[in-house]
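Every number here is computed from the coordinates shown, using simple stated rules; none is lab data. On a predicted model such as this, the values are computed, not experimentally measured, just so you know. Methodologically, a virtual Cβ is constructed for each residue, glycine included, from the backbone with ideal geometry; neighbour enumeration extends over all protein chains shown.
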Amino acid sequence: MMSAFVFVQVGETEGWDEMRALHDALHRVARAKAVRSIAGPTEIVVFVDAADQPALGEPLGKIRTLKGVAGTDTRIVWPM
């Protein structure tokens, strides 16, 4: 099992309606287990869980293509 936190930087938006639409789209990404809005230079964090590295790459790629996503910073979770 592999997991990652994806910190999402949002591009310019027309307001809260676009932010809600992006938030909803992130919830629909396969393997996205949690989506939270946060304060700071990163506006959203997404927790993604998958069986292996290739499976983890699919939702990470999808997140980057969503309307409103300006950039991402992905942190792989190492099992302890």
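I'd like the full set of residues that are part of a strand (DSSP E or B) and of a type in the set (S, T, N, Q), limited to segment 27-80.
S37, T72, T74
Only a single criterion out of (1) surrounded by 12 or more Cβ atoms within 10 Å (Cβ to Cβ); (2) under 11 Å from Q9 (Cα atoms) is not satisfied by G71, namely (1). When segment 28-68 is limited to residues that are touching a residue at least 40 places away in the same chain (Cβ under 8 Å), within 20 Å of W16 (Cα to Cα) and in contact with a helix residue (DSSP H, G or I) (Cβ under 6 Å, 6 or more places away or on another chain), the one that is surrounded by the most Cβ atoms within 10 Å (Cβ to Cβ) turns out to be V46.
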